[in-house]
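Below is one structure, written out as structure tokens; the observations come after it.
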DNA sequence: TCTAAAGTATGACAATTATCATATTTTAAT
DNA sequence: ATTAAAATATGATAATTGTCATACTTTAGA
């Protein structure tokens, strides 16, 4: 059982409002997990009964649509919390969380967290602001889905991936998504996604290095995304 | 200056957690407005510095997309609060709120509401749950935009409008949206929206009574929306 | 009441996107 | 190392959706 005080999640999430004693309480009741790439943290419809702290590894939050395709709603990176909405709403998870890389997470039971809501106003406020940020992002995302073309969305997503998750030494995007997952982010068929990647490649906006993607002309790509 | 105790907003919103004294404080500092159909309550980018209680009349929350079209993100009905996200995030409004009918609203300054967050845990929890509900809706909405066809979204929207805002005596939808606004809800071009309405009319799923819409075969419409 | 403007409707056409087929490459398991 | 399965890629084609033009209808204001 490791301490929570130096944890990356504590530094970047709502938990930064917690004091030493509160952190000790968490350290006592938390459980740590390793989750392999491709495995779920939790799945749509499941009762989570607590929150997950993402110590390492990125995961996707996705929802199965009635057409059988998986739409990726959000990517979650180390330092962030998972499952806040379900915990507050006291509802089953609305989304599935699946590891895109090997992950290290800690689970904190609902009962512990709920105590902090009553004791620690700054913590409540932090959680509220995080969820408000998610809501703003979701609204913007929704407008993009409704109003932008697939090509515009692809361009925007590639820029987002580079700016959020960075590049490898060879300049390719650090976060490895399959073409199917990339299609699931922009909301299109896998073939359409592949075709547009080829087109961007031909036009020298990006370069395809095997299945990895390198952004060549970020300015043009940004203009394309509007 | 009327009392807040019997107000519809108090009954249906997060404000139901407030006690008599708190309601009196609100009654003293609130300002009431009448907003005519078509006029904004607030606009994207504006600092709102408080929340609006919707006593009467429906309004649309929309966002201007880079292609110049207005995407409707949510409809807000009497009893609900407006501007919670901006107030909590301490940011300018992300969306414009425009009256679809003549409205009656009350404005409560940010400073008052923030006090309740510190004093009244139930109130905080209510606000948090409301925003969590909005986030869940937004995620679902986003998946629909990304994965469903325009026809499916139109069918779903018509059902939503009937179930949420009801029907007139002649069975037409009570809430009057222009074709452009309906297109803005489902995220399509106005002409496409009109064309699909005509098609649903021909297939006897709906009936067009002038510019009003009557749902004829709700079961088929629901199946169509999946 | 008349008229201009806005809203609704429809056709023609082009652009976008999905689907199905198939080939090629990569990955993982035996 | 070999092979089957999965992922990537591309072509052909159809379906969906957007755009532009135009006509008709309703609304609001002079």
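The values are calculated or read from the model by the stated rules, or taken from the named source; none is laboratory data. Remember, it's a predicted structure, so these values are computed and weren't measured experimentally. With ideal geometry, Cβ positions are generated from the backbone for all residues, glycine too; neighbour counts draw on all protein chains shown.
General remarks:
- Selection of the range A:71-83 for residues being surrounded by fewer than 21 Cβ atoms within 10 Å (Cβ to Cβ) and facing chain B (nearest Cβ under 9 Å) yields only A:74.
- Inspection of the range A:137-160 identifies at least one residue that is away from DNA strand D (no atom under 15 Å from the Cβ), free of Cβ contacts under 8 Å to residues at least 24 places away in the same chain and either in contact with a strand residue (DSSP E or B) (Cβ under 7 Å, 6 or more places away or on another chain) or assigned by the TED database to the domain that holds residue A:100 (or both).
Here's the yes/no breakdown for (1) in contact with a strand residue (DSSP E or B) (Cβ under 7 Å, 6 or more places away or on another chain); (2) buried (at least 16 other Cβ atoms within 10 Å of the Cβ); (3) closer than 18 Å to residue B:111 by Cα; (4) not assigned by the TED database to the domain that holds residue B:141:
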| site | (1), (2), (3), (4) |
| --- | --- |
| B:3 | no, no, no, yes |
| B:15 | no, yes, yes, no |
| B:22 | no, yes, yes, no |
| B:30 | yes, yes, yes, no |
| B:36 | yes, no, no, no |
| B:42 | yes, yes, no, no |
| B:47 | no, no, yes, no |
| B:52 | yes, yes, yes, no |
| B:61 | yes, yes, no, no |
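- Scanning the range B:186-222 for residues that are out of contact with any strand residue (DSSP E or B) (no Cβ under 7 Å at 6 or more places or on another chain), within 15 Å of DNA strand D (Cβ to nearest atom) and within 14 Å of chain A (Cβ to nearest Cβ) yields B:186, B:188, B:189, B:190, B:192, B:193.
- Flag if residue A:178 is loosely packed, with under 14 Cβ neighbours inside 10 Å, within 11 Å of DNA strand D (Cβ to nearest atom) and within 25 Å of residue A:101 (Cα to Cα): yes
- The range A:84-140, subset more than 29 Å from residue A:65 (Cβ to Cβ) and not in a helix (DSSP H, G or I), residue farthest from the other protein chains (Cβ to nearest Cβ): A:104
- Hey, residue B:183 within 13 Å of DNA strand C (Cβ to nearest atom), within 14 Å of chain A (Cβ to nearest Cβ) and either exposed (fewer than 13 other Cβ atoms within 10 Å of the Cβ) or assigned to a helix (DSSP H, G or I) (or both) or not: yes
- Those residues of the range B:198-220 which are surrounded by fewer than 20 Cβ atoms within 10 Å (Cβ to Cβ) and in a helix (DSSP H, G or I), in sequence order: B:198, B:199, B:201, B:202, B:218, B:219, B:220
- Residue A:143 being surrounded by 21 or more Cβ atoms within 10 Å (Cβ to Cβ) and part of a helix (DSSP H, G or I): yes
Quick grid of which residues meet (1) within 14 Å of residue B:185 (Cα to Cα); (2) modelled with pLDDT of 95 or more; (3) in a loop (DSSP other than H, G, I, E, B):
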residue	(1), (2), (3)
B:37	no, no, yes
B:41	no, yes, no
B:47	no, yes, yes
B:52	no, yes, no
B:60	yes, yes, no
B:68	no, no, yes
B:74	yes, yes, no
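- Any hit, the range B:163-180, residues being without any contact (Cβ under 8 Å) to a residue 24 or more places away in the chain, more than 21 Å from the chain's Cα centre (by Cα) and not in a helix (DSSP H, G or I): yes
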